[in-house]
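To start, the structure under review is shown below, and the notes come after it.
The values are calculated or read from the model by the stated rules, or taken from the named source; none is laboratory data. Source: prediction; values computed, not measured. Counting neighbours? That spans all protein chains shown, and the Cβs are built from the backbone with ideal geometry, glycine included. Only protein heavy atoms, including side chains, enter the accessible area calculation; ligands, DNA and RNA are left aside. Shrake-Rupley method; radii C 1.70, N 1.55, O 1.52, S 1.80 Å.
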Amino acid sequence: MSDRLTELRRSVEQPPSGFDWDENAWRDAGGRALSVVAAASTQWASKRPSPEDPDAILKSFSGPLPRRPVSFQELVNRIEREVLPTSAYNGHPRWLAYIMGSPTPISVLGDFIAAALNQNSGLWRVAPSSTAIEVQTLSWIAEMLGFPSAAEGIFVSGGQMANIVAHAVIRDAKAPWNVRDLGARGPDGNAPQFRIYASSELHYCHEQAAELLGMGRRAVRRVPVDERYRMRLDSLSQMMAEDRSRGDLPIAIVGTTGTVGTGSIDPIPQLLTAARQEDLWLHIDGAYGAFATLAESCPTELRALADADSVACDPHKWLFAAIDAGVLLVREPGRLERSFAFHASYLETADRGARVDFLERGPENSRPQRALKVWLSIQAFGRDGYAAMIDYNIRLAAYMEGLVKETPPLVLAAPRELSIVCWRVEPGGIDGPALEKLQIAVIEEIERRGIAMISNARLRDGRSALRACITNFRTRAQDLETVVNASAEIGAELAGKPPRG
């Protein structure tokens with residue numbers, strides 16, 4: 001061995017310390033961490049849904065870059081002292097803002113195990129069990145939604161990314177040229193404008209997808225909705241005819257099953273008929289509502305999503321998985337790979353047979369093991385367990401709807417179909433801009449007092465409404481009574497009037 005090599009050998013004999021733990025250290029630290037997890041996941045009566053002074057939080061996390069190690073014990077102390085009290089808890093029974101499910105304990109532990117395994121689930125060769133679990137979990141979800149067993153899918157970060165991936169597949173499937181090679185402008189640079197039809201209540205990610213994929217936001221046509229916030233079929237037909245007459249290229253209809261604002265469900269059976277007649281792809285944005293098909297109280301037409309060409313859904317909403325867990329299912333196998341496979345030489349292996357490389361089905365190479373927590377949860381609760389809990393959430397919303405109708409000065413603001421309830425506070429003697437400001441003020445005051453987290457919805461006529469979404473296995477009837485009564489009392493208080501009734 002040369003002198004230089006000997007010197008290099010000596011330089012690597014003592015590695016930096018502290019990066020690895022033995023089994024005892026893991027057990028000691030894990031016990032302490034589990035105490036933090038339990039504290040974050042229980043004792044809801046003593047917790048606020050949101051922190052008391054959110055504007056002051058940044059001061060707690062503005063220190064300089066550490067140069068020396070900090071002990072794990074001190075780090076956990078800091079989490080208990082600074083992180084837990086300043087967190088917003090979407091697991092709280094009165095967290096009713098947006099559409100966010102509460103993570104079940106088994107889902108939380110599933111993420112813990114997945115982090116320890118640290119599988120990059122993009123390539124079969126490096127993560128065979130992770131890949132097999134994802135394939136099986138996708139097949140279970142397809143069965144839940146009524147999709148055929150041959151359907152393929154992929155786990156992504158959430159509904160937004162699932163819809164973006166879906167639009168890539170739609171564009172490539174419906175364009176009469178190779179968009180991956182030639183781009184959206186086509187072989188001669190003057191290709192027709194793609195057209196995608198979605199209701200005016202669509203999630204913004206559909207326009208974002210069109211922008212990212214080179215089709216432009218204007219490719220997405222916002223179809224007016226009726227009094228139930230559902231896509232109008234007459235308007236859809238008229239817009240498609242107008243676009244074709246201009247030489248545009250309609251490629252897809254997007255049906256929403258559970259709009260962000262009011263939870264409305266587009267007329268899926270009729271959209272299926274229109275898509276087949278016009279030779280368009282029917283995609284279902286079921287990020288929120290797709291899993292409601294399991295519930296006994298599910299609107300019948302919602303189950304028609306099983307006949308769509310693709311569906312996006314979020315296990316981290318109504319399967320109560322920890323964030324993140326979104327899914328895209330595509331009816332025709334092979335479509336995902338046609339849009340995303342690259343077959344890079346450094347990743348190529350021998351013939352894969354039945355094996356799957358998920359990096360060829362989506363835009364991620366490095367992918368966390370998202371499916372494990374859902375795989376565990378589906379086994380822990382079963383299809384029937386999920387059906388019962390989702391149905392319970394929908395029945396809670398029906399009860400809240402009834403409470404609003406019977407509690408002056410509250411007024412139901414939009415029809416309820418799933419588990420979103422929209423209402424307004426309308427004390428007598430106040431109207432116009434002052435009444436609009438009152439709606440937002442009530443929402444903010446309910447949060448400021450630590451009563452609940454609710455959000456606002458924009459109605460068809462431009463007015464604001466208070467909005468509660470129940471996708472939480474901890475929410476009970478008394479929580480909804482608290483929110484409804486508080487909105488009435490605070491509304492009357494802010495309007496300078498005593499509550500009626």
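Once divided by 2.2 N^0.38 Å, the Cα radius of gyration of the range 292-348 becomes 1.54. In the range 389-433, one over the average inverse separation of all distinct C-alpha pairs is 11.4 Å, which is the Kirkwood hydrodynamic radius. Where the alpha-carbon atoms of the range 220-278 are placed on the principal axes, they occupy 35, 19, 17 Å, in descending order. Helical runs (DSSP H, four residues minimum) scored at -39500 (n - 2.57) apiece and divided by the length of the chain put the mean residue ellipticity at 222 nm at -12500 deg cm²/dmol.
The residues packed around Met389, meaning those with a beta-carbon under 13 Å from its beta-carbon, carry a net charge of +2 if Lys and Arg are +1 and Asp and Glu are -1.
Based on alpha-carbon atoms, the Kirkwood radius and the radius of gyration of the range 57-178 give Rg/Rh equal to 1.07. For Asp20 and Arg180, the difference between the fully extended length at 0.36 nm per residue and the C-alpha to C-alpha distance is 53.1 nm.
Distances between every pair of Cα atoms in the range 1-96, grouped in 5 Å steps from 0 to the bin holding the largest one, split as 2, 10, 14, 14, 14, 12, 9, 7, 5, 4, 3, 3, 2, 1, 0 percent. Which value results for Rg/Rh of the range 141-282 when Rg is the Cα radius of gyration and Rh the Kirkwood radius based on the inverse mean 1/r? My calculation puts Rg/Rh at 0.96. Over the range 395-462, one equal point on each Cα, no solvent: what is log10 I(q)/I(0) by the Debye formula at q = 0.20, 0.26, 0.29 Å⁻¹? With one equal scatterer per Cα and no solvent, log10 I(q)/I(0) is -0.93, -1.38, -1.43. Counted by Cβ distance under 11 Å from His316, the other residues give a net charge of 0, where Lys and Arg count +1 and Asp and Glu count -1.
Multiplying the residue separation of Ser46 and Glu211 by 0.36 nm and removing their Cα-Cα distance gives an extension gain of 54.9 nm. Computed over Cα pairs, the Kirkwood radius of the range 222-319 leads via Stokes-Einstein (1.002 mPa s, 20 °C) to a diffusion coefficient of 154 µm² per second.
A straight chain from Leu109 to His343 at 0.36 nm per residue would run longer than the Cα-Cα distance by 80.8 nm.
Of the accessible area of the chain, with the probe set at 1.4 angstrom, what percent is carbon plus sulfur? The computed percentage sits at 52.
Net charge in the neighbourhood of Arg331 (other residues with Cβ under 11 Å of its Cβ; Lys, Arg +1, Asp, Glu -1) is -3. Annotation: per residue accessible area for the chain equals 48 Å², rounded to a whole number [probe 1.4 Å, protein chains only]. When the P(r) of the chain is calculated, the portion above 34 Å amounts to 45% of the C-alpha pairs. If the cut-off is 28 Å between C-alpha atoms, which lysines fall inside it for Lys317, apart from same-chain ones fewer than 8 positions away? Within the straight-line limit of under 28 Å, Lys317 reaches these lysines: Lys47, Lys373, Lys405.
Counting other Cβ atoms within 10 Å, which GluC sites (Glu not before Pro) in the range 30-88 have at most 16 and lie in a DSSP loop? Taking the range 30-88 and a limit of 16 other Cβ atoms within 10 Å, the loop GluC sites (Glu not before Pro) found are Glu52. Averaging the inverse of every distinct alpha carbon separation and then flipping it gives the Kirkwood radius. What is it for the range 285-413, in angstrom units? It works out to 17.7 Å. Computed with a 1.4 Å probe on the full set of protein chains, the accessible area for Cys205 sits at about 0 Å².
Report, as a whole number in µm² per second, the diffusion coefficient that Stokes-Einstein gives for the range 346-492 at 25 °C and 0.890 mPa s using the Kirkwood radius over alpha carbon pairs. Translational diffusion coefficient: 133 µm²/s. Each residue, Ser35 and Gln379, gets one label point 7 Å from its Cα in the Cβ direction; the gap between the two is 3.1 nm.
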